[in-house]
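Q: I'd like to ask some things about the structure below.
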Amino acid sequence: MSKQEFLAQLRKGLSGLPQVDIEERLSFYSEMIEDQMEEGLSEEEAVSAVGTVDEIVTHVVAETPLVKIAKERIKSKRRWSAGEIVLLVLGSPIWLSLAIAAFAVILSLYISLWVVIISLWSVFVLLAACSVGGVLTCVVFAAGGNGVSGVAMLAVGIVCAGLAIFMFYGCKAAAKGTLILTKKMAIWTKNCFIKKEVV
């Protein structure tokens, strides 16, 4: 792919972002390709060394704040007619309440997901505390001459320690997965605001 084709595809992929950001990214990648060519790479090799257009677009969208994208999306390209404004105002009790309800449902689901993660970490902490408590209780019973109860408490402590180790890895994986899901949801939300222009 030539440099011009790459930049044209990149411009098309970034359409919907603020024009200033698009121009900054295009000049950045144009300079990067030129630097690669000065180092002895051919034009096609320099373009492929920069990365694919899809990877760059995904990275740029992830870096761009949602507020900036929303402001660009909300900017009107034309003046609204009086009829459109009247319809918007008259319909606001319906569309505004539906938007608030949808936002509340999505937010409550997201908060519920994190509450589950926090609960799992709480179980891990309690299991770890029970394992320490079981070992200490074993020592107390053994010192008091009650060896059978001490051995039972040691067994409970060892079982709780094993479960705590198991829970730690599960909690870590669940938290990491939730963070990845959060990042993907943020990128998806940003992509909903970006209206791709057809070239």
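Q: Does the range 19-46 hold any residues that are in a helix (DSSP H, G or I), of a type in the set (A, V, I, L, M) and more than 30 Å from Leu66 (Cβ to Cβ), and which are they?
A: Met37, Ala46
Q: In addition: Got a sec? Which of Ser112, Ser92, Ser119 is of a type in the set (Ser, Thr, Tyr), part of a helix (DSSP H, G or I) and either surrounded by 13 or more Cβ atoms within 10 Å (Cβ to Cβ) or not assigned by TED's automatic domain parsing to the domain that holds Thr189 (or both)?
A: Only one candidate qualifies: Ser92.
Q: Do we have any residue at all in the range 148-157 that's closer than 20 Å to Ser122 by Cα, surrounded by 12 or more Cβ atoms within 10 Å (Cβ to Cβ) and under 39 Å from the mean Cα position of the chain (by Cα)?
A: yes
Q: Exactly one of these conditions fails for Gly145: (1) assigned by TED's automatic domain parsing to the domain that holds Ala186; (2) part of a helix (DSSP H, G or I); (3) more than 22 Å from the chain's Cα centre (by Cα). Give me its number.
A: So the condition that Gly145 fails would be (2).
Q: Another one. Taking the range 1-18 as the search range and keeping residues that are under 26 Å from the mean Cα position of the chain (by Cα) and in a loop (DSSP other than H, G, I, E, B), which one is modelled with the lowest pLDDT?
A: Gly16
Q: Of the residues Leu66, Leu107, which single one is touching a Ser or Thr at 6+ places or on another chain (Cβ under 9 Å) and either modelled with pLDDT under 80 or surrounded by 10 or more Cβ atoms within 10 Å (Cβ to Cβ) (or both)? Working first, answer last.
A: On the way: Leu107 fails: touching a Ser or Thr at 6+ places or on another chain (Cβ under 9 Å).
None of the other options fit; the residue is Leu66.
Q: Among the residues of the range 23-70, what is the count of those that are more than 19 Å from Ser2 (Cα to Cα) and of a type in the set (Val, Ile, Thr)?
A: 6
Q: Determine the pairs where a residue that is closer than 20 Å to Ile165 by Cα, located within the range 127-154, has a partner that is in a helix (DSSP H, G or I) and β-branched (Val, Ile, Thr) with Cβ atoms under 6 Å apart, the partner being 6 or more residues away or on another chain.
A: If the second residue must be in a helix (DSSP H, G or I) and β-branched (Val, Ile, Thr), the pairs left are Gly134/Val156; Met153/Thr137.
The values are calculated or read from the model by the stated rules, or taken from the named source; none is laboratory data. Just so we're clear, the structure is a prediction, and the values are computed from it rather than from any experiment. Note: ideal-geometry Cβ built from the backbone for every residue, glycine included; neighbour counts use all protein chains shown.
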